[in-house]
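Visitor: Just passing along the structure, written as structure tokens.
The values are calculated or read from the model by the stated rules, or taken from the named source; none is laboratory data. This is a predicted model, so every value here is computed, not measured. Backbone-built Cβ (ideal geometry, glycine too); neighbour counts: all protein chains shown.
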Amino acid sequence: MKKVLKEILSTSLYLLFVLCAVYLVIHFVGQRTQVQGSSMEPKLSSEDNLIVDKISYRFHEPERFDIVVFPFRYEENTFYIKRVIGLPGETVRIDETGNILINGEVLEESYGKEVIQNPGRAYDDIVLADDEYFLMGDNRNNSTDSRDPSVGNVRRDEIIGRAWLRIWPLNKFGFIKHR
């Protein structure tokens with residue numbers, strides 16, 4: 001009888017340790033998220049499952065072209081995944097030919113799937129505060145992003161982490177390259 005109780009206690013402590021470790025990893029290190037929609041195509045597709053790195057931004061700030069995850073302000077348990085285009089303190093504008101201008105200079109980038117048709121609120125200069133980022137989907141004409149007033153500029157404390165690893169579908173399994 002003592003041996004059985006000892007085994008139950010040992011197994012219970014082991015399970016408690018595993019559950020605590022999983023909780024800590026999910027809340028402080030990484031989080032699984034699923035892409036819904038086509039706003040990040042061709043880089044990420046709908047139904048892709050990702051692991052989001054939640055720890056690296058504790059040591060450095062998001063960089064231009066990082067793919068980040070943040071909550072949508074107006075819908076509980078809804079997260080958006082977009083690419084960092086504008087950094088804190090910069091001025092962002094999209095001109096009539098679809099060029100993204102950062103502080104008046106054309107941003108050299110190749111992530112956009114096509115020429116931007118609708119600059120949205122970026123038709124006029126958007127000056128980012130010291131803790132704000134301008135984020136866009138790669139599928140520029142099919143993305144609700146910082147150009148839309150419902151998303152707007154995203155504050156640093158809203159960014160949960162950076163897309164790190166695609167775990168599904170298996171044929172696309174691998175680390176996500178941001179640049």
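Visitor: From the list G152, G161, pick out the single residue that is among the small types (G, A, S), surrounded by 20 or more Cβ atoms within 10 Å (Cβ to Cβ) and touching a helix residue (DSSP H, G or I) at 6+ places or on another chain (Cβ under 9 Å).
Guide: Sole residue among the options that is among the small types (G, A, S), surrounded by 20 or more Cβ atoms within 10 Å (Cβ to Cβ) and touching a helix residue (DSSP H, G or I) at 6+ places or on another chain (Cβ under 9 Å): G161.
Visitor: For the stretch 46-74, which residues satisfy the criterion of being closer than 19 Å to I167 by Cβ and without any contact (Cβ under 8 Å) to a residue 24 or more places away in the chain?
Guide: S46
Visitor: From the list Y74, Y80, exactly one residue is touching a strand residue (DSSP E or B) at 6+ places or on another chain (Cβ under 8 Å) and either of a type in the set (F, W, Y) or not in a strand (DSSP E or B) (or both). Which is it?
Guide: Y80
Visitor: Among (1) in a loop (DSSP other than H, G, I, E, B); (2) free of Cβ contacts under 8 Å to residues at least 40 places away in the same chain; (3) within 26 Å of T78 (Cα to Cα), where does T144 come up short?
Guide: In the conditions (1) in a loop (DSSP other than H, G, I, E, B); (2) free of Cβ contacts under 8 Å to residues at least 40 places away in the same chain; (3) within 26 Å of T78 (Cα to Cα), T144 misses (2) alone.
Visitor: List the residue pairs whose Cβ atoms are under 8 Å apart, where the first residue sits in the stretch 113-127 and is more than 17 Å from M40 (Cα to Cα) and in contact (Cβ under 8 Å) with a residue 40 or more places away in the chain, the second is part of a strand (DSSP E or B) and of a type in the set (V, I, T), and the two are 6 or more positions apart or on different chains.
Guide: Partner pairs satisfying both residue conditions: I126/T91; I126/V92.
Visitor: Another question about this same structure. It is to be established whether one or more residues within the stretch 52-62 are of a type outside the set (D, E, K, R) and at pLDDT 95 or above.
Guide: yes
Visitor: So, one more: Just checking, how many residues over the stretch 75-122 are of a type in the set (A, V, I, L, M), farther than 23 Å from E61 by Cβ and surrounded by 15 or more Cβ atoms within 10 Å (Cβ to Cβ)?
Guide: 2
Visitor: How many of the residues in the stretch 154-179 are free of Cβ contacts under 8 Å to residues at least 60 places away in the same chain and over 19 Å from K113 (Cα atoms)?
Guide: Total meeting the criteria: 7.
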